[in-house]
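S.K.: Here's a structure for you.
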Amino acid sequence: QCARESPRLRCAVCVCVAVPAHVWRINVDPPEEAQQNLSFAAADRWWEQVDLSKLILASNQLQSLSEDVQLLPALTVLDVHDNQLTSLPSALGQLENLQKLDVSHNKLQSLPEELLQLPRLRSLLLQHNELSHLPEGLGQLLSLEELDVSNNHLTAIPKSFAQLINLVRLNLSCNQLKDLPADLSAMKSLRQLDCTKNYLETVPSNLATMASLEQLYLRKNKLRSLPEFPSCKLLKELHAGENQIEILNAENLKHLNSLSVLELRDNKIKSVPEEITLLQKLERLDLANNDISRLPYTLGNLSQLKFLALEGNPLRTIRRDLLEKGTQELLKYLRSKIQDDGPGPNEEPPVTAMTLPSQARVNMHAITSLKLLEYSEKQAAEIPEEVFHAVGANPVATANFSKNQLREVPPRIVELKDSVCDVNLGFNKISSISLELCRLHKLTHLDLRNNILTSLPKEMEALAKLQIINLAFNRFKEFPGVLYHLPALETILLSNNQVGSIDPVQLKGMERLGTLDLQNNDLLQVPPELGNCENLRTLLLEGNPFRTPRAAVLAKGTAAVLEYLRSRIPT
């Protein structure tokens, strides 16, 4: 009777194999005392006043639920987690008052369509089951605020998810997802999205338009880059550790004014942009186990930072004992280096007995230990001769001359041709590419962004190993034709130029091309034949003046755009 007088009945951890029949009929059959005594006052006839609203059957050995669950129409909570259920009764669809359904930690392989008829359902917990797919109509659950489908066998997400405009928390972790539908961006109320431990290689660019997002978990995937986040002004936590991210751009960070946690450990990040200092609310920064050799000293200006993890990086400017002293000592050291960050551009550094004149402005440790030749952020009009003298017979794999005032490619760069793989000449004033650069036959990465280039020479065809080229923010009016003849190219970044057309036939011949960024150019039309470039995993076309494909098609992601273009090819 105690259980019956309450609107809540708990049969948890009773190790029941089946639910007793009288539980389902608790609202239907009057109790024995009602049959024995007919003189109850109205206030005492509790069985006519209280309908069961919460039924908790968790942590038993239940193998099925009876269709008689429909006899409990007042239920707002049904909790059957941690049982042995392999299916759910279709009668669940009649519980129109149900607000929370917890069927997690069972053996469900599918869900009944009737489940989609619950108009008031706010919380649906399906984690730790054996689901390989979700009903296409799941988007009909318009009141849903929490959905957890983690730890299943899902390979795709229904497009109807876009209709879940009241969803606040979505957990997709520990599944087998290779991509996310771009339609997720329609979830304007979503604050927490967990995609940990899937097979994601990219994230839809319009995911970054989700203005309510506060926590985003992308750990343990196969991401090679992060999206930009122009609208995520409220994002507080970004977790993207254990991926394959190589580049952390200013564009990835500059809009994240509210970010307090940035976790990027166990990636392949080589450098940290100065713009990280824009994240003034950052409290935790985890960059452990990357390929970072140098930190921007301005990192010391992050006044809220309480935790900074850097272990497992080949840092060459910070001593190991300093790292072991903790975050605050490290930040203090970085701040102290801002004031005395080397000589000015016109000053000669002091020459000591321990320093050969030719090496005074060159970090020899970086050359010998890291195979890195760096002379960046000096605002220099040319690279001093002693920089190249210092290399000697040492093989250099990376040359970084970015953020200077160079008007031409340093001629002596050709001296590195037998070893250099990665050259960064970004953020200079270079107007043409020299033949010396075209002789760097081992080059795989070339960064020429933010210069004043209008064309590339035919001699660049010699760069047969080039995989990634960044030409963003230059002055190209035509797609550089030589790029069509570089067979190893995997990534072309050509955003923010004035390119007016592309050749889809030649692009199709570039079998390794996976990423093509043509955002913010002057494309008046997109040739339908571009849809035949089925190797493209990322195609970015936003910010061009063409009328088709429309923005709604672009928002669906690369696969949808390519499919749309193919459908427009004349037959």
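S.K.: What is the residue count in the range 286-325 for residues that are in contact with a strand residue (DSSP E or B) (Cβ under 9 Å, 6 or more places away or on another chain), part of a loop (DSSP other than H, G, I, E, B) and over 23 Å from K371 (Cβ atoms)?
M.R.: Total satisfying the criteria: 3.
S.K.: Oh, and also: Of the residues D522, D517, D503, which is at pLDDT 90 or above, crowded, with 20+ Cβ neighbours inside 10 Å and of a type in the set (D, E, K, R)? Give the derivation first.
M.R.: Working: D522 fails: crowded, with 20+ Cβ neighbours inside 10 Å; D503 fails: crowded, with 20+ Cβ neighbours inside 10 Å.
Going through D522, D517, D503 in turn, just one is at pLDDT 90 or above, crowded, with 20+ Cβ neighbours inside 10 Å and of a type in the set (D, E, K, R): D517.
S.K.: Exactly one condition in (1) open to solvent by 50 Å² or more (accessible area, probe 1.4 Å); (2) under 26 Å from the mean Cα position of the chain (by Cα) is false for N470; which is it?
M.R.: (1)
S.K.: Answer yes or no: is there a residue in the range 485-501 that is part of a helix (DSSP H, G or I), under 24 Å from C421 (Cβ atoms), without any contact (Cβ under 8 Å) to a residue 40 or more places away in the chain and over 24 Å from the mean Cα position of the chain (by Cα).
M.R.: The first filter runs over the range 485-501 and keeps only residues part of a helix (DSSP H, G or I), leaving 485.
When the remaining residues are screened for being under 24 Å from C421 (Cβ atoms), the result is 485.
Filter once more, keeping what is without any contact (Cβ under 8 Å) to a residue 40 or more places away in the chain: 485.
Imposing the further condition that a residue be over 24 Å from the mean Cα position of the chain (by Cα) reduces the set to 485.
Yes: one or more hits.
S.K.: May I ask you to verify whether V420 is in contact (Cβ under 8 Å) with a residue 12 or more places away in the chain and buried (at least 22 other Cβ atoms within 10 Å of the Cβ)? If you could, list the steps in order and put the result at the bottom.
M.R.: Details: in contact (Cβ under 8 Å) with a residue 12 or more places away in the chain: yes; buried (at least 22 other Cβ atoms within 10 Å of the Cβ): yes.
Taking the combined requirement at face value, the residue satisfies it.
S.K.: Same structure, new question: Note down all Cβ pairs under 6 Å where the first residue falls in the range 536-554 and is outside the structural domain of L493 (by the TED database), the second is at pLDDT 90 or above and aromatic (F, W, Y), and they're at least six residues apart or on different chains.
M.R.: P549/Y564; V553/Y564
S.K.: Yes or no: K442 part of a loop (DSSP other than H, G, I, E, B), within 28 Å of I502 (Cβ to Cβ), within 33 Å of the chain's Cα centre (by Cα) and not aliphatic (A, V, I, L, M)?
M.R.: Numbers: part of a loop (DSSP other than H, G, I, E, B): yes; within 28 Å of I502 (Cβ to Cβ): no; within 33 Å of the chain's Cα centre (by Cα): yes; not aliphatic (A, V, I, L, M): yes.
For K442, the condition - part of a loop (DSSP other than H, G, I, E, B), within 28 Å of I502 (Cβ to Cβ), within 33 Å of the chain's Cα centre (by Cα) and not aliphatic (A, V, I, L, M) - is not met.
S.K.: Suppose we filter L154, L124 for residues that are in contact with a Leu (Cβ under 8 Å, 6 or more places away or on another chain), crowded, with 18+ Cβ neighbours inside 10 Å and assigned to a loop (DSSP other than H, G, I, E, B); which single one remains?
M.R.: L154
S.K.: Something else about it: When you look at L154, is it outside the structural domain of A58 (by the TED database), without any contact (Cβ under 8 Å) to a residue 24 or more places away in the chain, farther than 21 Å from Q99 by Cβ and of a type outside the set (G, A, S), yes or no?
M.R.: Numbers: outside the structural domain of A58 (by the TED database): yes; without any contact (Cβ under 8 Å) to a residue 24 or more places away in the chain: yes; farther than 21 Å from Q99 by Cβ: yes; of a type outside the set (G, A, S): yes.
Judged against the criteria, L154 is a match.
S.K.: Please find, within the range 263-291, the residue that is surrounded by the fewest Cβ atoms within 10 Å (Cβ to Cβ) out of those that are over 20 Å from Q215 (Cβ atoms) and more than 20 Å from the chain's Cα centre (by Cα).
M.R.: Checking each candidate, the answer is E274.
The values are calculated or read from the model by the stated rules, or taken from the named source; none is laboratory data. Note that the structure is predicted; figures quoted are calculated from it, not measured. Positions of Cβ are generated from backbone atoms using ideal geometry, with glycine treated the same way; all protein chains shown enter the neighbour counts. Please note that ligands, DNA and RNA were not included when accessible areas were found on the heavy atoms of the full protein model with its side chains. Shrake-Rupley method; radii C 1.70, N 1.55, O 1.52, S 1.80 Å.
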